Amino acid sequence: MTNNQRNVQNIESVIHYPFSKIEKNWTGFWLKKKIYEPDFQRAKKPFYNLMMFPYPSGEGLHVGNMYAFTGSDIFGRFMRMKGYDVFEPIGLDGFGIHSENYALKIGVHPTKQSKISEKRFYKQLLTIGNSFAWNYRLETYDPNYYRWTQWIFLQLFKNGLAYRKKSPVNWCVSCKTVLADEQVIAGKCERCGSQVIKKELEQWFFKITEYAEKLLNNINKIDWSEKIKISQRNWVGKSEGALIKFKIQSSKFKVDDIEVFTTRPDTIFGVVYLVLSPQYGLAKNLESKIKNLKEVKKYIGQTKREFNDFNNSLQERTVENKEKTGVELKGIKAINPANGEEISIWMADYVLGNVGTGAIMAVPAHDQRDFEFAKKYKLPIKKVIIPNLSTYEVNRLEGEGVYEGEGILINSGKFNGMPSQKVKLQIIKFIGAKKKTQYRLRDWLISRQRYWGPPIPVIFCENCKKLLENSLSRPNLDNSCAKSFSKGELENPGWIAVPEKNLPVKLPFVKDFKPVGAGKSPLASVKSFYETKCPKCGSKARRETDVSDTFLDSAWYYLGYLGTVANSKFQGLNSKSTPSSFQYSPFSNPLITKWLPVHCYIGGAEHAVLHLFYSRFLAMVFKDLKIFSFEEPFTVFRAHGLIIKEGRKMSKSKGNIVNPDEYIKKFGADILRMHLMFIGPFKEGGDFRDSAISGIVRFLNRVWDLGLSILSSNKNKGGPKSEKILPWLHFSIKKITEDIENLRYNTAIAELMIILNNFNEFPEKVSSADFKIFVKMLAPFAPFITEELWFIFGEKNSVHLSDWPKYNPNLIRKKTFELVVQINGKVRDKRELNIGIKEDEVKKIVLAGEKVKSFIKEKKIIKIIFVPDKLINIVING
RNA sequence: GGGCGAGUGGCGGAAUGGCAGACGCGAUGGACUCAAAAUCCAUUGGCCGCAAGGUCAUGAGAGUUCGACUCUCUCCUCGCCCACCA
């Protein structure tokens, strides 16, 4: 056994302060005194400090959750001490596939399991030392919450932003269930590893693409971690290009056009063939001219089988750089609109049916994929762009390689010699093409054929469908029928909104909640649920049995918390309020204007494009529906890093999950909090290891011991006077303040350690006032021990409500500084000099120094660089 | 294939144009102890040197600069995200 192992085993027995008693006491005290609950009406400086609420897995709170929450809480506590009215809520994202899968695994019904997990999570969350506003929690599976999730669906539906369309879903062959995209890992099922295929199902979508431009443009206006902004930009995936029509000819007869989308119209002269996706719908008159139609059909069938009716995920199709295959459509040719050349037409599997128009123009000289294909089938390769001649890229011209960059046009008729970037629009005009902006972003598919989610609140009525279709087919007749339908109902004939007063559509208890397969939710086998009457015409109708995506639950929870606040005053404060029950809807809440948008949001980067993107989309919709006046829900967002273990992500399957409970039991929350924050920069995460925890134990032991000794010496001798505050302490205040503002908690803790080391040099000289400044700065990191010391020192109000120490710039300013003397950039000497000393004077002093003289000797001084109050560099020859 | 990030002692990391390695872990030596743990003190990047000191060193190579861990370019390695998006 190494010393290290021994240390870790025994260390908890050497903690000097009774942490478990202290932490229990103060938790109770804070709750009782409600010190973390702002006065929402009267608050002068509201600060909404949001952290991503966890989904309550059965395993309990993960150390990764605690890492994120501690980091967010430190900032919240800091802001509270800076005088802000901080609202720091917590809740559970308990609806959805994660929780359902866990329930399936252990064989406990999710309604029951959610209550068990809820209890466990809240119990754990109470121990981690966060300053949660405990009275305003929420759970997404609470009918009072999902009533409003359903309400949101209805608003989008009524306003034409929700529609129904056939779309493929991920389907695990062996589990017979629908999977979410994130459960499909490289085309395989996350749980059983078997093949995932796609099935066509009718699904509900939100028209997020209508907001693509705004979602993109607003990114420039928000203060978010840069990498999240970049991910979101890529997710929108705006590309500007052109739609180009190619005329098709078959032995002098014009047949039909094929339209392609390209971002590189400038390479039009390099187009030497066209490629259609195997999914491309060939027009009949085109088909009839193809001489090898049999072969083509065979190829279509072959790729169809290979790609599971074309429905495999794109990922599956692109796996391992699969060799491209294809077949020429013989007997027909396309005309390059730029130069009138006849070019061949191919069908190949590297062109996707669902991207662009399902057809491309191939420029093998300037596109890697086209190049590979052209090589294989011995097609011509025509260079039309060369890199700017001034660059060294010229050499590459001679080679066979593909040049995908911008450059100067060649072989391009009258455009020769022009720069490719500038020529795009001219070429579009020249060939009579259309400018087109395309987005990668797809509409948000919100249907889930699962159990554990909010039922989508719509009803299908055959009668209304007929009525509507009749009325629409005879527009000249009386249209009063159609007028009574909302936009969503008109656009999705037969689908009728559940009236808002009938919300929530409660999720019924279904004993066998396992996904049934056949692309249906388990609710589809619950007659009492789906059998209903049409709210419009009263005839027999069928309820939608799909539930909505978990991300819809979490896309508005920041409003949900405020909803619970607004309603809490109509309820005894001791009983839990909900977002819905009383006076205010979370969407017509007088607190919205005062408390939103969220001031600081901290969470994981893994939500860069899902949760954060959907939340932004819905906020924009809410703004357009005049629910509130802002369009970005989170003013500031910071992504924290990931805590890993032994270099790998923590996961159940690897068995390397760290449970915070054990550590809290052994060391207390203060020590675990500080240990987590000291691992590395909060924004970067780090490797969780036991070895360094003893450093934090020693640190807090010394804090405790020093506190007690200052107290006893003060009692005995009166102690040092408080006005003698040390200048270096003010430097530390500045440093710690700035570090916390930038979430650099690791260096803030290092500075706290320096203060303590300095105190311990001459403990008898430390006044209790100085010590209390230190306690305050330690408080956000270690809320319990600091509160205990604070009260031991005779304070009557919580340290967490005290004011953050201010530093005095005059005290930090020193009289002298250490001048670094360099010769040719190397440090050769140091001098203690007065601040503000003039260059001439410094030169005189430095050049007179024996050391410097010995270096210079006969050599010539070429020049001298002087940086005031910092450095002098003497440049000599040789 | 694309995007983003990272690469610094035995380890986690600090320094973002001006003294590389703050702070912490670990290790070594010492004090205390019957002994251990804890605690305290000292040392702790490599090489040369008795020492003073010198010298090399921030993934590799170039460049800019009086001066580069820091800025620029090329390459290598690792991580994350996206991925035949035309």
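The values are calculated or read from the model by the stated rules, or taken from the named source; none is laboratory data. Because the structure is a prediction, the values reported are computed rather than measured. Every residue, glycine as well, gets a Cβ built from its backbone with ideal geometry; the counts of neighbours run over all protein chains shown. With ligands, DNA and RNA removed, areas are computed over all heavy atoms of the protein, side chains included. Shrake-Rupley method; radii C 1.70, N 1.55, O 1.52, S 1.80 Å.
Computed with a 1.4 Å probe over protein heavy atoms only, the accessible surface of chain A comes to 46 Å² per residue. Between the C-alpha center of region A:419-477 and that of region A:806-872 there is a gap of 70 Å. Extension gain, A:Ile410 to A:Glu59, is 120.0 nm, computed as 0.36 nm per intervening residue step minus the present C-alpha separation.
The relative contact order of chain A comes to 15 percent, based on Cα pairs under 8 Å that sit 6 or more residues apart.
Seen from A:Arg80, the other residues with C-beta closer than 11 Å to its C-beta sum to a net charge of -1, counting Lys and Arg as +1 and Asp and Glu as -1. Counting only aspartates and glutamates at least 8 places from A:Lys429 when in the same chain, those with an alpha carbon closer than 20 Å to its own are A:Glu240, A:Asp257, A:Glu259, A:Asp266, A:Glu341, A:Glu406.
The Cβ shell under 14 Å around A:Ser412 holds other residues with a net charge of +3, Lys and Arg each +1, Asp and Glu each -1. Simple spin-label estimate for A:Lys665 and A:Ser484 gives 6.4 nm between the two label positions (7 Å along the Cα-to-Cβ direction from each Cα). Maximal additional length on extending the A:Asp223-A:Lys112 stretch stands at 35.9 nm, based on 0.36 nm per residue less the C-alpha distance.
Annotation for A:Asn656 and A:Phe430: the two label points, set 7 Å from Cα along the Cα-Cβ direction, are 5.7 nm apart. Please state the shape class of chain A: rounded when a/c is under 1.5, otherwise prolate if a/b exceeds b/c and oblate if not, all from the C-alpha gyration tensor. In terms of gyration-tensor shape, oblate. Around the amide H of A:Gln822, modelled in the peptide plane, lie the amide H atoms of A:Arg828, A:Ile872, A:Asn873, A:Ile874, all under 5 Å away and 5 or more residues distant in sequence or on another chain. Considering only alpha-carbon pairs that sit under 8 angstrom and 6 or more positions apart, the relative contact order computed for region A:776-878 is 23 percent.
Over region A:22-99, what relative contact order in percent results from Cα pairs under 8 Å that are six or more residues apart? Relative contact order of region A:22-99: 45 percent.
For chain A, the residue among A:Ser568, A:Leu618, A:Ala242 whose Cα projects farthest onto the positive side of the dipole built from Cβ charges is A:Ala242.
Between amide H atoms placed 1.01 Å from N, distances below 5 Å from A:Leu329 occur with A:Ile345, A:Trp346, A:Met347, all of them 5 or more places distant or on a separate chain. Here chain A is assigned +1 on the Cβ of each Lys and Arg and -1 on the Cβ of each Asp and Glu. Its dipole about the Cα centre then comes out at about 620 debye. For A:Gln822 and A:Ser473, what is the calculated FRET efficiency with R₀ set at 51 Å and r taken between the beta-carbons, to the nearest 0.05? After rounding, the FRET efficiency stands at 0.05. Annotation: lysines with alpha-carbon distance below 20 angstrom to A:Lys851 (same-chain offsets under eight excluded): A:Lys826, A:Lys830, A:Lys843, A:Lys859, A:Lys860, A:Lys863, A:Lys870.
Annotation for A:Leu625 and A:Ile35: the two label points, set 7 Å from Cα along the Cα-Cβ direction, are 4.1 nm apart.
Applying a DSSP loop filter and a limit of 13 other Cβ atoms within 10 Å to the trypsin sites (Lys or Arg not before Pro) in region A:242-302 leaves A:Lys252, A:Lys291.
Structure note, pairs A:Lys238/A:Lys382; A:Lys105/A:Lys199; A:Lys238/A:Lys436; A:Lys207/A:Lys304; A:Lys214/A:Lys487: Cα-Cα distances above 18 angstrom occur for A:Lys238/A:Lys382; A:Lys105/A:Lys199; A:Lys207/A:Lys304; A:Lys214/A:Lys487.
For chain A, the fraction of 1.4 Å probe accessible surface lying on carbon and sulfur atoms is 51 percent.
Sites listed here are trypsin sites (Lys or Arg not before Pro) in region A:345-388 whose DSSP assignment is loop and whose Cβ has at most 13 other Cβ atoms within 10 Å: A:Lys378.
Counted by Cβ distance under 13 Å from A:Ser629, the other residues give a net charge of 0, where Lys and Arg count +1 and Asp and Glu count -1.
Ellipticity at 222 nm from helices only: DSSP H runs of n ≥ 4 in chain A, each -39500 (n - 2.57), divided by the residue count, give -11000 deg cm²/dmol. Highest average first, the peptides A:40-49, A:140-149, A:556-565 ordered by how many other beta carbon atoms sit within 10 Å of their residues are A:556-565, A:140-149, A:40-49.
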